[in-house]
Amino acid sequence: MTALDQTLHDIYDEVLHRNPGETEFHQAVYEVLSSLEPVIAKHPQYADAAVIHRMCEPERQIIFRVPWHDDSGTVQINRGFRVEFNSALGPYKGGLRFHPSVYLGIIKFLGFEQIFKNSLTGLPIGGGKGGSDFDPKGRSDNEIMRFCQSFMTELYRHIGEYTDVPAGDIGVGGREIGYLFGQYKRITNRYESGVLTGKGLTWGGSQVRTEATGYGAVFFIDEILKAANDTFDGKRVVVSGSGNVAIYAIEKIHQLGGIVVACSDSSGYVVDEKGIDLELLKEVKQDRRERLDAYIEGRGGAAELVNGRLTWDVPCDIAVPSATQNELDGDDAARLIKNGCKIVAEGANMPCTPEAVKLFTEAQVKFAPGKAANAGGVATSALEMQQNASRDSWTFGYTEQRLAAIMNGIHDRCLSTADEYGAPGNYVVGANIAGFIQVADAMLAQGLI
């Protein structure tokens, strides 16, 4: 990490003091603060009005009990969270994560990142995040439905299309969103389509929403390549994960002429030198919900499974970490650099450790942070909200064009802002400063909030 100037150091010390033990949140805050010194020098009003202090403190933190019955009739208790971080630009917007690793620090890190990600889209949405330590893996549909209904029985009083609009994240897909929306509708007696995004296409959802985060990350990489007068043609790409983000990143990379040779799940990774068979991967991971060894069986020995490792051992031109936070560390970054990787774009939220980012920067690897590269998901959620508000439904092609234009705009804002603040070509600095300034200006205009 770079050293902070005294003003920013004092703010960071206060964050550490007020939020003990929340290491992921500390990391996310430091990453943003480390870019802001030239902003404070040029615009001292942000420090004078304590805008940065206020931005690091959520507007509201909600923690609640979620009791539910499993299929044996045993009462289970989980903990639910919703952190409504910043509403200066619009209603809180951000996903729900159901995973046993979830605790307040994870939700706060995700919510803090969401402030700047949502700002970069240029759409009127604030930042928030939520979830639970509930693990949907191995649970029946009925158990997941009962959990979602109990979760929404508390959450419903805190959300609304003009207040807070959740969506999906890890462990929360179309099935979970359906159960959550049904319970919200049941409790409120309102068909308020805009209260949740990621809905099914037949009941208020948007085309491209399922594909949006993966597609958006690839659109961003395509803009990086275009800026260097290059294309995806013939590029070797490795992707971590095999969920929606990874699958649709693979799909778009193949459409643009690249070849994805590796992807992973929690058991290890597959190497498929002829290119990942996307239809087989979808069948294994989306339809059958199985591990990647089923992909190997389906390929009849044409691919290799490496247990207990991530994809960063595989030589590539481009890497797209798309699984979870801090999955790619300094050792992984060193291997990628040694093997010739030239571009890294975060499909997940903060998947690269600070040491990894430092090594990429020093090696002049083009590094696109998650708040910029994976903003396509929330951008398309905002487009879903637009369609819900106007009682309209857009075609796949039109929605994809809108997404591509938004990602192009984010890329250009990052580059131009980095140039303006003395860090040409640095997407991290550009994303942090561009996202920050828009929110900070809105907060100053709205008084002491």
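Read-outs: derived from the displayed coordinates by stated rules, not from any lab. Bear in mind that the values here come from a model prediction, so they are computed numbers and not experimental data. Glycine gets a Cβ as well: all are built from the backbone with ideal geometry, and neighbour counts include every protein chain shown.
Using just the Cα positions, wrap region 211-368 in a convex hull and report its mean projected area in square nanometres, one decimal place. Don't skip to the answer; put the middle values down first.
Details: hull surface 32.2 nm².
The directionally averaged projection comes out at 8.1 nm².
From Cα pairs below 8 angstrom and at least 6 apart in sequence, can you work out the relative contact order of region 336-449, rounded to a whole percent?
On the way: 102 pairs, mean separation 23.9, N = 114.
With pairs under 8 Å counted, the relative contact order is 21 percent.
A cut-off of 5 Å between modelled amide H atoms, ignoring neighbours fewer than 5 places along the same chain, links Val260 with Val237, Ile276. Over 29 Å apart at the Cα level, from the set Lys129/Lys274; Lys93/Lys342; Lys117/Lys342, are Lys129/Lys274; Lys93/Lys342.
Computed across region 59-188, the Kirkwood radius stands at 14.6 Å (inverse of mean 1/r, all Cα pairs).
Note on region 230-288: Rg/Rh from Cα positions, Kirkwood definition for Rh, rounded to two decimals, is 0.95.
Could you tell me what % of all Cα pairs in region 335-448 have separations over 18 Å? List each step's numbers first, then the result.
On the way: 3870 of 6441 pairs.
For region 335-448, the fraction of Cα-Cα distances above 18 Å is 60 percent.
Its alpha carbons give region 130-175 an Rg and a Dmax of 11.3, 35 Å.
Once the other residues with Cβ under 11 Å from the Cβ of Arg60 are scored (Lys, Arg +1; Asp, Glu -1), what is the net sum? Don't jump to the answer; show the numbers that get you there.
Values: positive: Arg82; negative: Glu57, Glu59, Glu84, Asp164.
Value of the local net charge: -3.
Tell me the Kirkwood hydrodynamic radius of region 308-349 in angstroms, computed as one over the mean inverse distance between distinct C-alpha pairs. Working shown, then result.
Values: mean 1/r = 0.0966 Å⁻¹.
After inverting the pairwise mean of 1/r, the radius is 10.4 Å.
Rounded to the nearest angstrom and listed largest first, the equivalent-ellipsoid semi-axes of the chain from its Cα gyration tensor are 30, 30, 21. Normalising the average separation of contacting C-alpha pairs (under 8 angstrom, six or more residues apart) by the number of residues puts the relative contact order of the chain at 15 percent.
How much net charge surrounds Gly95 when only other residues with a Cβ under 15 Å from its Cβ are counted (Lys, Arg +1; Asp, Glu -1)? Kindly include the intermediate steps, with their values, before the conclusion.
Details: positive: Arg82, Lys93, Arg97, Lys108, Lys117, Lys129, Arg175, Lys199, Arg209, Lys371; negative: Glu84, Glu113, Asp164, Asp169, Glu176, Glu384.
Local charge sum for Gly95: +4.
Applying the Karplus relation 6.51 cos²θ - 1.76 cosθ + 1.60 with θ = phi - 60° to region 368-377 yields 3J(HN,Hα) values of 9, x, x, 4, 9, 5, 9, 6, x, x Hz, where x marks Gly and Pro.
Each Lys or Arg adds one and each Asp or Glu subtracts one; over the other residues with Cβ under 12 Å from the Cβ of Gln207, this totals -1.
Would you calculate a helix-derived [θ] at 222 nm for the chain, using -39,500 (n - 2.57) for each DSSP H run of n ≥ 4 and dividing by the full residue count, to the nearest 500?
Numbers: 18 runs with 206 residues, N = 449.
Computed mean residue ellipticity for the chain: -14000 deg cm²/dmol.
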